[in-house]
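Peer 1: One structure, pasted below without further comment.
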């Protein structure tokens with residue numbers, strides 16, 4: 001086996017091709033767009049390079065065949081929040097051979113150690129956790145856009161190497177045309193009509209204002225969770241800009257109480273239904289297929305992130321937002337499933353909301369950590 005750091009155009013192509021080779025016979029896998037993967041490693045497109053660094057490798061067998069890949073990175077804003085300096089590894093792919101997997105883990109570990117790290121989390125992303133985050137261990141079905149998909153045998157690699165689970169990421173599915181429970185609907189309708197409560201869908205023309213509201217809510221809602229780092233305006237504007245090609249503004253909702261930003265939900269049509277079969281390529285033919293599928297419409301949505309300011313978390317805003325969402329979605333007769341992803345097993349309030357809506361289990365990812373010896 002030969003492992004090589006990705007340093008040139010050929011290496012970048014090989015890095016992308018590893019996944020295509022590993023999953024070529026898996027009908028459920030949807031190849032992420034090459035440009036989205038490459039953007040993670042481009043300092044001009046990923047502002048995490050302002051406070052971090054990363055690199056990546058590919059491994060070939062003795063005949064020159066691609067058999068694995070991995071990336072390692074350090075987010076300076078998070079690395080020193082733990083008992084030991086902790087980096088990250090991700091974009092891991094390997095044939096079903098523990099020697100290959102361990103070589104990849106070892107390579108990421110040694111690079112991180114050389115940078116002063118004493119542990120690594122993985123598989124995670126050099127960016128926000130809404131994409132390319134966590135190891136899929138249950139629910140090996142069609143993934144939604146941005147969600148990691150893996151072969152079932154990967155879990156044994158992580159376990160045998162010595163990774164341990166930090167937390168689970170639960171994804172539940174909601175049947176759009178199945179009525180909510182009566183109690184949920186009654187509470188939601190009552191909240192939606194309360195004086196001073198206002199609910200607005202996203203307006204692209206007011207992107208700066210909504211981005212500011214998003215940041216205000218998100219940073220308040222999540223700041224008590226372990227490993228939290230505040231989101232900044234550049235990050236959210238970059239994210240919203242990337243989403244423009246697939247977003248339906250009326251699937252993104254904000255709640256206000258007496259004009260104060262209070263809660264939001266960000267839902268996107270499942271772009272994986274638009275890029276399925278494109279093999280990661282947005283060439284002319286790929287773009288035409290993408291645009292046609294976008295125009296025709298898809299029948300799945302993904303709830304990427306929700307947030308409610310802490311002082312408003314017992315006001316029932318989340319349930320009211322879902323009622324507003326259904327008022328828009330129902331008449332369309334287009335969307336049939338909403339994926340509620342991903343929710344940490346530590347977020348009991350959100351999981352309780354899913355249960356109250358009669359959402360059904362869909363997938364389980366895990367985020368793992370390995371302590372260096």
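The values are calculated or read from the model by the stated rules, or taken from the named source; none is laboratory data. The structure presented is a predicted model; accordingly, all values stated were derived computationally and were not measured. Methodologically, a virtual Cβ is constructed for each residue, glycine included, from the backbone with ideal geometry; neighbour enumeration extends over all protein chains shown.
Peer 1: Return a yes/no flag: does region 137-146 have any residue that is surrounded by 21 or more Cβ atoms within 10 Å (Cβ to Cβ), out of contact with any helix residue (DSSP H, G or I) (no Cβ under 8 Å at 6 or more places or on another chain) and at pLDDT 95 or above.
Peer 2: no
Peer 1: Counting just the residues of region 193-204 that are at pLDDT 90 or above and within 30 Å of residue 237 (Cβ to Cβ), which one comes out surrounded by the fewest Cβ atoms within 10 Å (Cβ to Cβ)?
Peer 2: 196
Peer 1: Give the residues of region 265-310 that are surrounded by fewer than 18 Cβ atoms within 10 Å (Cβ to Cβ), touching a residue at least 60 places away in the same chain (Cβ under 8 Å) and not in a loop (DSSP other than H, G, I, E, B), sorted by residue number.
Peer 2: Across region 265-310, the qualifying residue is only 310.
Peer 1: Now, a different point. Quick check: is even one residue across region 227-250 buried (at least 20 other Cβ atoms within 10 Å of the Cβ), in contact (Cβ under 8 Å) with a residue 60 or more places away in the chain and either in contact with a strand residue (DSSP E or B) (Cβ under 8 Å, 6 or more places away or on another chain) or in a loop (DSSP other than H, G, I, E, B) (or both)?
Peer 2: No: zero hits.
Peer 1: With in a strand (DSSP E or B), over 21 Å from the mean Cα position of the chain (by Cα) and either assigned by TED's automatic domain parsing to the domain that holds residue 241 or surrounded by fewer than 20 Cβ atoms within 10 Å (Cβ to Cβ) (or both) as the only criterion, which of 67, 58, 3 stands out?
Peer 2: 3
Peer 1: How about region 16-46: which of its residues are more than 24 Å from residue 238 (Cα to Cα) and not in a loop (DSSP other than H, G, I, E, B)?
Peer 2: 17, 18, 19, 20, 21, 22, listed by residue number.
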